Structures are given as structure tokens and as C-alpha cells.
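Read the structure below first, then the notes.
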Amino acid sequence: MARLGLRRFLPPMLLLVLFVAVEAAGKGDGGLRFRRENGTFKVLQVADMHYADGRSTQCRDVLPAQRPACSDLNTTAFLYRLLRAEDPDLVVFTGDNIFGEDSTDAAKSMDAAIAPAIAMKLPWAAVLGNHDQEGTLSREGVMRHLVGMKNTLARFNPQGVEIDGYGNYNLEVAGVKGTLLANKSVLNLYFLDSGDYSTVPSIHGYGWIKASQEAWFKQTSSSLQQNYTGGQPRQKEPAPGLAYFHIPLPEFNNFTASNFTGVKQENGISSALINSGFFNTMVEAGDVKAAFVGHDHLNDFCGKLAGIQLCYAGGFGYHAYGMAGWSRRARVVSVQLEKAASGEWQGVKSINTWKRLDDQHLTTIDSEVLWNRSSNS
């Protein structure tokens, strides 16, 4: 949730040292792989569910006619509808999964929030927002609970690395089984903890991605690129990457209605007050083609800056602030492989996206191509 109230800030954290060793998630980790029948891999992004106590938790910012029967269960119903309609290969929950302050039991709330993905036996991953830890579990405790749940691919943190935050990890998506790229990661997914609130007394507002996290990302990206272009069969270009975290970067401020797809309805972008440089780090790494966030529920746009698409998902949950009459929504990303003349699936050809609305027809809006190999060669 992006509306910031008065808070007390903790003393500055001790600087953490990043070790050179980096353990990236191995190929096939969680069985993530492109589909043979159509050469696609689909990710459903769910942002800002703000789940609390289920039926007893009322909705916010809905039409008067919706209020009497509206609760967290509307969020659950929306998620079930989406999972059945889109049949994603991975579900990514990008923070503020629960609204800790209104939750009686944070662990039970998280179980209920994620339950549809687990019930449908879908692999899922998650990062933390700025409200997940405001209940009965600490920020560390929330992440430890997430990584212990069924079907989760979320990781607490990379092994062998001292790093800020909780829930910094990467996942690899292997090529189609039986092809030359079956044992290579042809799509890399990065997940980062963008923090909650500043721990520096002189800097108010939200948290940010720290230097130790950027160092881990750079080392991981470099290693993945070397493996893809250097190992057999060698590839000419690095595999594309997607990044997921909760709080938007300051660079999300660089767009106007003339250069993005979607809507920008918030009063400003609720990023940290300082720019830690993570956007530049992604640009320099060269493999990330798009970054996806939540936090600002009334923004759902994608805009391209320095070769990277910066995308909001739009608010999903009914206990989260929204706007009456403006449908809750989620973002879908579909990655398509190239097909050789021989019929064999190769590397990634394009990255496409659209949004789904929680209306009568689960309306699809704002379909667009985020990245295309031929136009970026």
C-alpha cells in the first residue's frame, strides 16, 4: 500500500559485506520450463492483496451496492477465476500480500491469501511489501513462513551471501524438454526485497534496494549470462531477464501519458526519497527487459526507459485502497520462444503482456509487446 502514515524509524543498519560466492537457483529448480506445445511461459503477477481475516475483513473503495457482501473472499474468488482462465506457469505475489495491521494471525492470513495457487497445485513465488510484517510476524518471520509453504519457489536469501532484506533470489526457466536448450535457462527471473520503510533517521519514507542486493544481482546476472553464451550450445546473446519487487524505483517518475500504456492515477510515484541506483545497475547488466512492481494501486502502466520496461500491475485486493468503479486487476506476462525452420524451439523471441480485470468477463486490456528480439538485435 502506498499511503504513508507517521512511523518511527529504526537506527541505521550495519553495512553488510557481500561475499563473492553466489549461489543461483539451478536449472529446473521447481521444474520451471517452457511448454512444448506452444513454446510459451506465462507469469501471473498479483500485487497488493492486503489480505487480513477473510470473511470478517471488509472491502475498501467499492461501489455502495458491493459493500454489504464484500470481503477478503472477493479477493480469493478473483484469484481463483484468474488462475482458471490464464493457467499460468508461475504465479508471482509482489508484496503487501497481507495487511498485517488488520490481521489477527499473520501466518493464517498468508495461508489464506496464497491458498488458491496451492489448491490448484501451481508453482508460485513471492516478495515482501511494506505491510506484510506489520502484524504478528516480523519481516524475517513472514519470509520464513512463505518459504515453508506448499508449492513455493520463494527463497529466503541466496546461500553464502550476506545481503540486506529477506527474499532476494532468482529462478531459472529452462528451454523445452528434448531440445538443444533443454538444460539451459532461457529466461531468468530476479526477485528482490525493496524494503518497507527507511531505517535512516534523516531520510523519511519508503525503503529501497541496497548496495549488497545490487552486488548480488550483478554477480548473479553476470554468471547467468556467461553460462548461456559460453556453455554448449553457445548462444549469441544473453537470455532475457524479468525483475519483480514491490516498491517502484524513482525512474517510474519519467513517464507521461504520451509514453506509457495504461493509467497513472496516483498523486505522484511512491518510491523512496533517494535513488540507490538499481535501475542503472539493471541497464548496465544488460539482460533485464522488464521490471514489475505494485505498491501504487491506482497505477497500472508500462513505460520503456533505456531499454527496460517499467510496469505496474495495478491493485488486486479488495481490502486494499482502490477506486470505486475501477476494477481490481492483475498483470499477465507471456514469454514466447523462437521456432526454427526444423520445428525445434529455440531462445526467447518476444515478451508480451496484458491485464485482466475483475469484471463479469475478466476483460483483457492493454495487450502489448514489451520486448522483441528482432527489433532489439
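A few notes on this one:
- Computed with every protein chain present, the accessible area of MET323 is close to 70 Å² [probe 1.4 Å].
- Annotation: extensible slack from ALA182 through SER138 equals 11.9 nm (criterion: 0.36 nm per residue apart, minus Cα-Cα distance).
- With the simple model of a label 7 Å out from the Cα in the direction of the Cβ, LEU273 to LYS349 spans 4.9 nm.
- Note on THR363/ALA324: beta-carbon distance plugged into 1/(1 + (r/R0)^6) with R0 of 22 Å gives a FRET efficiency of 0.80.
- Carbon plus sulfur fraction of accessible area for region 40-372, probe 1.4 Å, in percent: 48 percent
- Heavy-atom accessible area per residue - region 40-372, 1.4 Å, Å²: 36 Å²
- Helical content alone sets the calculated 222 nm signal of the chain at -5500 deg cm²/dmol, taking -39,500 (n - 2.57) per DSSP H segment of four or more residues and averaging over every residue.
- Normalised Debye scattering of region 114-262 at q = 0.19 Å⁻¹ gives log10 I(q)/I(0) of -1.25, counting only Cα atoms as equal scatterers and leaving out solvent.
- Set of lysines with alpha-carbon distance to LYS355 below 23 Å, sequence-local pairs under 8 removed: LYS42, LYS121, LYS264, LYS289, LYS304
- Spacing of the modelled spin labels on ALA211 and ARG234, each 7 Å from Cα toward Cβ, amounts to 3.7 nm.
- In terms of its C-alpha gyration tensor, region 57-120 has an oblate overall shape, because the principal axis ratio a/c (a ≥ b ≥ c, square roots of the eigenvalues) is not below 1.5 and a/b does not outweigh b/c.
- Remark: spin-label model distance ALA115-LYS218 equals 4.5 nm, labels positioned 7 Å along the Cα→Cβ axis.
- Equivalent ellipsoid, the chain (semi-axes from 5 times Cα gyration tensor eigenvalues, Å): 30, 24, 20
- Local electrostatic count at MET49 - Lys and Arg +1, Asp and Glu -1, tallied over other residues with Cβ under 9 Å: -3
- Net charge of Cβ neighbours under 12 Å - reference LEU146; Lys, Arg +1; Asp, Glu -1: 0
- With 0.36 nm allotted per residue and the present C-alpha distance subtracted, the ARG55-ASN372 stretch has 109.8 nm of extension available.
- One chain, two ends: GLU284 and THR40. Fully extended at 0.36 nm per residue, the span grows by 85.1 nm beyond their Cα-Cα distance.
- Distance from the C-alpha centroid of region 83-143 to that of region 188-219: 20 Å, rounded to the whole angstrom.
- Charge tally in the Cβ shell below 11 Å around ASP102, where Lys, Arg are +1 and Asp, Glu are -1, ASP102 excluded: -3
The values are calculated or read from the model by the stated rules, or taken from the named source; none is laboratory data. Since the model is a prediction, treat every value here as computed from it, not as a measurement. Ideal geometry is used to build each Cβ from the backbone, glycine not excepted, and the neighbour counts take in all protein chains shown. SASA here: full protein model, heavy atoms, side chains in, ligands and nucleic acids out. Shrake-Rupley method; radii C 1.70, N 1.55, O 1.52, S 1.80 Å.
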